[in-house]
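Step one of this worksheet: look at the structure below.
The values are calculated or read from the model by the stated rules, or taken from the named source; none is laboratory data. Everything quoted here is computed from the prediction, not taken from an experiment. Positions of Cβ are backbone-derived with ideal geometry, glycine not excepted, and every protein chain shown enters the neighbour counts. Heavy atoms of the whole protein, side chains included, go into the accessibility calculation; ligands, DNA and RNA do not. Shrake-Rupley method; radii C 1.70, N 1.55, O 1.52, S 1.80 Å.
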Amino acid sequence: MVIRILFFSALQDIVGCEELVFEVPDGVRNVAQLLDVLYDRWPGLRDWSGKILIAADLEYVGTGHPLEEGQEIAIMPPVQGG
């Protein structure tokens with residue numbers, strides 16, 4: 001399955017891009033499993049574990065949210081006021 005992943009703010013610095021088309025490994029079925037794969041690939045993302053916000057196709061979702069072909073997953077640091 002192929003999805004599109006968007007990274008925001010400081011997370012872009014960690015992964016080195018704003019977005020990528022990502023081939024989801026076999027057996028990865030939900031956001032939590034996807035995050036584990038991303039943490040392995042970019043260990044600096046793990047520092048944000050438990051703090052990041054996830055959206056799937058423009059709606060905030062939890063880590064149990066199932067992944068679907070062609071889905072857009074946005075990974076964002078916590079929202080801060082200013």
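Among the residues of the stretch 6-27, the ones that are open to solvent by less than 90 Å² (accessible area, probe 1.4 Å) and either closer than 16 Å to residue 48 by Cα or of a type in the set (Gly, Ala, Ser) (or both) come to 11 in all. Of the residues making up the stretch 18-39, just one is within 16 Å of residue 77 (Cβ to Cβ) and part of a strand (DSSP E or B), namely 19. In the set (1) in contact with an Asp or Glu (Cβ under 9 Å, 6 or more places away or on another chain); (2) farther than 11 Å from residue 3 by Cβ; (3) open to solvent by less than 50 Å² (accessible area, probe 1.4 Å); (4) not small (Gly, Ala, Ser), the condition left unmet by residue 30 is number (1). On the basis of being open to solvent by 50 Å² or more (accessible area, probe 1.4 Å) and on the phi > 0 side of the Ramachandran plot, does residue 53 make the cut? The answer is no for residue 53. For the stretch 1-17, the tally of residues that are part of a loop (DSSP other than H, G, I, E, B) and either in contact with a Cys (Cβ under 8 Å, 6 or more places away or on another chain) or under 12 Å from residue 76 (Cβ atoms) (or both) stands at 2.
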